[in-house]
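**Student:** Next up is a structure, given as structure tokens.
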Amino acid sequence: MNASLPSLEGILARTGLLGEEDARAVVEASRANGTSVTEQIVHRGLAREDQFLEALAQALGLPFVRLEEVELEPHVLERLSTKVVFQYNVIPIAFENGTLAVAANDPLDTDLADALRLAAGTRVKLTLSPAADIAQAAKKFYGVGAETVDRMMQDDRFEVSQDQTLAKADLNELDQEASIVKFVNQIIYEACRQGATDIHLEPMENRLRIRYRVDGALHQTPVPAQLARFQAAIISRIKVMANLDIAEKRLPMDGRIGLRVEGEDVDIRVSTMPTVYGESISLRLLRGKTGFVELSHLGMSPRDSELIRKIIHRPNGIVLVTGPTGSGKSTSLYAYLHEINTIDVRIMTAEDPIEYEMAGINQVLVRPDIGLTFAKALRSFLRQDPDIIMVGEIRDLETAEIAIQASLTGHLVFSTLHTNDAAGSFTRLLDMGVEPFLVASAVEGIVAQRLVRRLCTACRQPVQPDPAFLREIGFPSDVDSTTKIYGAVGCEKCIKTGFHGRLGIFEILQVTEEIQAMVVARSASGDIRQKASSQGMRTLRDDGWIKTLDGVTTIEEVLRVTEEND
């Protein structure tokens, strides 16, 4: 900084937040480390960033704004180049009477205003705003990795046509330049920061679209408009990371990438698919620390938790988890195994794929291409003296019959089925060709589940649904005007979605003697569901209403994932 030490100390003193000694220490540390005064004050815990900037703005006679409250116009954003925006962590917010208002975080850097005047070619007026607000706005309007793409735009070596094969030598040169590497890293880092489970890079006719799946819903992430020019190089970089053949563009391929993001291991499953406009790549992010959760964190009510604990601690029988793809079946199975995984039981699993590794459990990867099917693995398990067996999915009659025989000979068997509700599992097994008396004897409990998005507690708002609508959807009738039902709003914390995280809603069917008799008689699944409900089973939708009344999700979310007959 060019200003003298006393003048800076004086400015800091005028904020009323720092004493003379603190002000001197902050300025000296800022000069020595090359960091801003704002960073030093926050780092030392002397004040919150927004608190300090607001006081500093008052002391300097400058405006202070929160950028989520400001409407940014495209013609204003074009006044500064991408490079300048990211280099100085600023963003233009208004242009009036020949003066460009620029939001900045470090107004005490006297070189900043001169650099911005030179870059904009016009008069500049500084406005103070928190660094996170500026970074979020820059990412939103310029796109993830915009500064990297801007640097690539100035380098002719990055021009790779869609029809041209990128050779290994070219990739090495790009690695040395590090721009493509950095951009791919930024895309993955941003996905991890948002808690995404999947990244989709999808070539369109004139652009490369990048979408993240967060809390089960797809969101398009803003990217620079020029990104399509580097599509081939970006895809080749990902394929190199996954040890895939970069010259093969006609066939689908699968690979894996192992990374550490902010100290956390991330296992990335890569899948490529040739499309009309180039290869589409999907990345599935599996984070080690969030691999499996404990039973108490699944979102079950105390009543359901007690019931499932009773079922999974039985010495034998089959426990089925049902639901469509992406409904959290694997997570629940891992939670059940984690609950009963003790030193005195031997647990063996057959999985495709092994999503998370659990200590103390013998996990086998099913490989149908070499003949290691679920059925073959199950047969071998029975010669390995297991107490508990988990088979990833019952897909055919052979697997179903072996699983049932294992349960009838004293083993506890866990597995999954793709059915809409718990009662439908009986019909599915009977349709496979399993004898009704075997199904009735073996199955002890069935858990149907769905995932609903959890409301963001920072921005949720009470809503007043129409009473006629509530009656139509079967909402509990004892709701009155004092009952609080919340709706989604959207804020910066939840990326404007109104939701943050997910939790399960559950339907637990415990097989009683009456239900066994109905299975043997091949009763319709609707009749079995009615009988289970009369015995106290709470349906998926009923469990969803309870969580809605608890304020953790919305009516719309429950309707989205459940069927009317639930």
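The values are calculated or read from the model by the stated rules, or taken from the named source; none is laboratory data. For clarity, every value in this text was computed on a predicted model and none was experimentally measured. Note that each Cβ is placed from the backbone with ideal geometry, even for glycine, and that neighbours are counted across all protein chains shown. Heads up: the accessible areas ignore ligands, DNA and RNA and are worked out on the full protein's heavy atoms, side chains in. Shrake-Rupley method; radii C 1.70, N 1.55, O 1.52, S 1.80 Å.
**Student:** Per the Kirkwood formula on distinct C-alpha pairs, the Rh of the range 301-448 is how many angstrom?
**Tutor:** 15.3 Å
**Student:** Show K139, K493, K239, K125 ordered by accessible area, largest first, where the area counts protein heavy atoms only and the probe is 1.4 Å.
**Tutor:** K493, K125, K139, K239
**Student:** Nearest 10 degrees is fine. How inclined is helix 525-534 to the longest principal axis of the chain, computing both from alpha carbons?
**Tutor:** Between helix and principal axis, roughly 80 degrees.
**Student:** Please identify the GluC sites (Glu not before Pro) of the range 247-343 that satisfy two criteria: DSSP loop assignment and at most 16 other Cβ atoms within 10 Å. Which are they?
**Tutor:** Counting only loop positions with at most 16 other Cβ atoms within 10 Å, the GluC sites (Glu not before Pro) in the range 247-343 are E248, E262, E294.
**Student:** Keeping all protein chains in the complex and leaving out DNA, RNA and ligands, what accessible area do you get for V443 with a 1.4 Å probe, in Å² to the nearest 10?
**Tutor:** Probe radius 1.4 Å; accessible area of V443 about 0 Å².
**Student:** With no other cysteine's Cβ closer than 4.7 Å, which Cys residues of the chain count as lacking a disulfide-compatible partner?
**Tutor:** Result for the chain is C192, no neighbouring Cys Cβ within the cutoff.
**Student:** Further, regarding this structure: When the C-alpha atoms of the range 352-413 are aligned to their principal axes, what extent does each axis show, in angstrom, from largest down?
**Tutor:** 28, 27, 18
**Student:** What is the percent carbon and sulfur in the accessible area of the chain, measuring with a 1.4 Å probe over the protein chains and ignoring ligands?
**Tutor:** 47 percent
**Student:** Further question on the same structure: Which order do you get for Y334, Y142 if you rank them by accessible area with a 1.4 Å probe, largest at the top?
**Tutor:** Y142, Y334
**Student:** I would also like to ask the following. Would you tell me the accessible area of T482, worked out with a 1.4 angstrom probe on the heavy atoms of the protein chains, in Å² to the nearest 10?
**Tutor:** Here the residue's solvent-accessible area equals roughly 110 Å².
**Student:** Under a 1.4 Å probe, what is the accessible area of the chain per residue, stated in Å²?
**Tutor:** 47 Å²
**Student:** Right, something else. Between helix 5-14 and the chain, what is the angle of the helix's C-alpha long axis to the longest principal axis, kept within 0 to 90° and rounded to the nearest 10?
**Tutor:** 60 degrees
**Student:** What translational D, rounded to a whole number of µm²/s, comes out for the range 1-82 from Stokes-Einstein when the hydrodynamic radius is the Kirkwood one over Cα pairs, at 37 °C and 0.692 mPa s?
**Tutor:** After rounding, the answer is 232 µm²/s.
**Student:** Using only the alpha-carbon atoms, what does the range 458-506 span along each of its principal axes? Please give whole angstrom values in decreasing order.
**Tutor:** Between the extreme Cα coordinates on each principal axis of the range 458-506 lie 35, 26, 16 Å.
**Student:** Expressed as a whole number of Å, what is the distance separating the alpha-carbon centroids of the range 337-379 and the range 215-262?
**Tutor:** So the separation of the two Cα centres works out to 30 Å.
**Student:** Follow-up. Using a cut-off of 11 Å between beta-carbons, work out the net charge of the residues near L451 (Lys and Arg +1, Asp and Glu -1, L451 not included).
**Tutor:** Charge balance near L451 sits at +4.
**Student:** Here's another thing I want to ask about it. In degrees between 0 and 90, to the nearest 10, how far off the longest principal axis of the chain does helix 540-549 point, with axes built from Cα atoms?
**Tutor:** So the helix axis and the longest Cα principal axis differ by about 40 degrees.
**Student:** Restricting to the chain, compute how many DSSP beta bridges are antiparallel as a %, nearest 5.
**Tutor:** 65 percent
**Student:** Can you pull the accessible area of R428 for me, 1.4 Å probe, Å² to the nearest 10?
**Tutor:** Result for R428: roughly 90 Å² accessible.
**Student:** Lys and Arg at +1, Asp and Glu at -1: add these up for the other residues within a Cβ distance under 11 Å of G551 and post the number.
**Tutor:** +3
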